[in-house]
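Comments concern the structure below.
The values are calculated or read from the model by the stated rules, or taken from the named source; none is laboratory data. Given the structure is predicted, the values throughout are model-derived calculations rather than measurements. As a convention, Cβ positions derive from the backbone with ideal geometry for all residues, glycine included, and neighbour counts pool all protein chains shown. For accessibility, only protein heavy atoms count, side chains too; no ligands or nucleic acids. Shrake-Rupley method; radii C 1.70, N 1.55, O 1.52, S 1.80 Å.
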Amino acid sequence: MQRSPAISIVVPAYNEEKLIGRCLASLKNQDFSGLYEIIVVNNNSVDKTEEIARTFNVRVITESMQSVVAARDRGLRAARGDIVVGADCDCVYPPHWLKTIYAEFADPKTVAAGGPAIAEKIPYCAYLTYKLGFNMVKFLNKITGQVLYLGGFNLAFRR
């Protein structure tokens, strides 16, 4: 009997052949000792995104409705883990990432967790969005004590 993973990582992908390899390599290189799955949701890519993803021995599923929201939702519905984590192809994740996320959920009152990401600098405008966006989130958290935004590129929640 196959055990269910503790964590499911959902990675929406649309024409990401230039970036998906580094992202998946970082996700496969986690020091988390529990069972986890990586689900790449191919969202109508016409490049080698799906072919590259399959070389990493991850689950690859398809979502035909063109939208990152539809792709994330499709991945969520396919996820088998108790904790679902969002990741993006243009980010790389440090080896302790999943271990850190899992530790947050040791508290049964935790329903969601998130944080910044290490974004690729391609395209540079996306990189600036990550940097500026999270500086704004940190600033607003300091003055309000509230977290007003969690990005899908580093978002975890209980199913």
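Tally up the residues in segment 98-115 that are touching a Phe, Trp or Tyr at 6+ places or on another chain (Cβ under 8 Å), assigned to a helix (DSSP H, G or I) and not basic (Lys, Arg), please.
2
Only one of PRO108, PRO95, PRO123 is farther than 23 Å from ASN29 by Cα, modelled with pLDDT of 90 or more and not acidic (Asp, Glu). Can you tell me which? Walk me through how you get there before you give the answer.
Working: PRO95 fails: farther than 23 Å from ASN29 by Cα; PRO123 fails: modelled with pLDDT of 90 or more.
None of the other options fit; the residue is PRO108.
Would you mind finding the one in ARG3, ARG22 that is charged (D, E, K, R), at pLDDT 95 or above and open to solvent by 10 Å² or more (accessible area, probe 1.4 Å)?
ARG22
If we only count helices (runs of 4 or more DSSP H) wholly inside segment 1-86, which ones have 2 or more residues that are in contact (Cβ under 8 Å) with a residue 60 or more places away in the chain?
Qualifying helices (runs of 4 or more DSSP H): 20-28, 68-78.
Within segment 89-109, can you find the residues that are more than 13 Å from ILE38 (Cβ to Cβ) and touching a residue at least 40 places away in the same chain (Cβ under 8 Å)?
Hits for segment 89-109 are ASP90, CYS91, VAL92, PRO94, PRO95, HIS96, LYS99, ILE101, TYR102, GLU104, PHE105.
For segment 25-69: of the residues being within 13 Å of the chain's Cα centre (by Cα) and charged (D, E, K, R), which is least open to solvent (accessible area, probe 1.4 Å)?
Filtering segment 25-69 for residues that are within 13 Å of the chain's Cα centre (by Cα) and charged (D, E, K, R), the one least open to solvent (accessible area, probe 1.4 Å) comes out as GLU37.
Report the residue count in segment 71-88 for those that are open to solvent by less than 20 Å² (accessible area, probe 1.4 Å) and more than 13 Å from ILE38 (Cβ to Cβ).
The number of residues fulfilling the criteria is 2.
Please enumerate the residues belonging to segment 81-92 that are under 18 Å from ASN42 (Cα atoms), at pLDDT 95 or above and not β-branched (Val, Ile, Thr). Step through it out loud before you land on a result.
The initial filter retains those residues of segment 81-92 that are under 18 Å from ASN42 (Cα atoms), namely 84-91.
Filter again for at pLDDT 95 or above, leaving 84-87.
Across segment 81-92, the qualifying residues are GLY86, ALA87.
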